[in-house]
Structures are given as C-alpha cells and as structure tokens.
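Inspection log for the structure reproduced underneath, given as structure tokens.
The values are calculated or read from the model by the stated rules, or taken from the named source; none is laboratory data. Since the model is a prediction, treat every value here as computed from it, not as a measurement. Every residue, glycine among them, receives a Cβ derived from its backbone with ideal geometry; neighbour counts consider all protein chains shown.
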Amino acid sequence: MNHDRAERGFTLVEMAVTLLIFGMLLAFAVPGLQNMNRTQQLKGTSENVASWLRLQRETAIATGSSVVVHSFNYPGTPWGLHVHNTTPKPGPIFPRDVTIVGAAGDNVTFQPDGRASSSGSIILRNSKGLRDTISFQSSGLVLVR
C-alpha cells in the first residue's frame, strides 16, 4: 500500500457543512433582495410617471392643444393615469405592488404654452407601505420627491 499519495476529493461531512452554510446565507439574503426589489419597483414607477407627465406637457407644446391627464384608477386596469382629450389613452402601467394612494385633484391640464392648470401631487405606495411623491407645479415642472 502506498501511503505517500495524498487523498483527493471531499468527504461527505465537508460537503454537508458547505451546503448548510450556503443554505443559511441564501435564507438570510432572499428577504433582503425582495425588499430591495419592491423599493426599486416603486422608484422606477415614480420615475416612469414623472417622465410620462413630462411627455404629456411636451405633447401639448408640440401640438398646440391642451392635454388633460386624469389621475385615478379604473377597476380592472393596470394603469392609474390616462390622457382624456378625445379618446382616453392609457398612461404608464403600474407593477402589481404599486398603486396610487392619493392625488391632488382628479386631473391636470397641460396648456399649449407648457403651463399646468394647477399645482398638485400624485402619491404612489408599494405593498410594504413605502411612498413616493410626484409633484407638478403650475409652471409645468414635474418632480419626484
């Protein structure tokens, strides 16, 4: 028998300990990643809504006609905003976990000169209760806070 040669491979105990440690790391990491995903969905939706509002303002300027934006949810639809000039056009689609929980007024009209009919805000909330606010000023400026 040759005892000089080193044994190669892993023992069953070493493999079990490695899998146990990997499983524990995964168990701690998954909830944190899910929370991060929900937060990023909320932030992404807020930025999408703000960009969409800016686009409606630019459309009013480019076409020379007013654009009316409604900010309430219709049952059974995935969007919370829509343009309502001649025929309603849906706005940005919201993820399942993000909803509009508050809006200052039901609508805002962007004028051909770029101004808005009023100042206001739209409040979005995700399933964890985190909120994000999109505000629009009468000057036409749209901000995410």
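The table below gives the values:
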| item | result |
| --- | --- |
| Any chance S65 is within 29 Å of G140 (Cβ to Cβ), in a loop (DSSP other than H, G, I, E, B) and modelled with pLDDT of 90 or more | yes |
| Residue in region 134-145 that is nearest to T45 (Cα to Cα), counting only those that are free of Cβ contacts under 8 Å to residues at least 40 places away in the same chain and surrounded by 13 or more Cβ atoms within 10 Å (Cβ to Cβ) | S135 |
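A quick yes/no check of all residues on (1) surrounded by fewer than 16 Cβ atoms within 10 Å (Cβ to Cβ); (2) hydroxyl-bearing (S, T, Y); (3) closer than 19 Å to R145 by Cα; (4) modelled with pLDDT of 80 or more:
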site	(1), (2), (3), (4)
V69	no, no, no, yes
T77	yes, yes, no, no
T86	yes, yes, no, no
P92	no, no, yes, yes
D106	yes, no, no, no
D113	yes, no, no, yes
S118	yes, yes, yes, yes
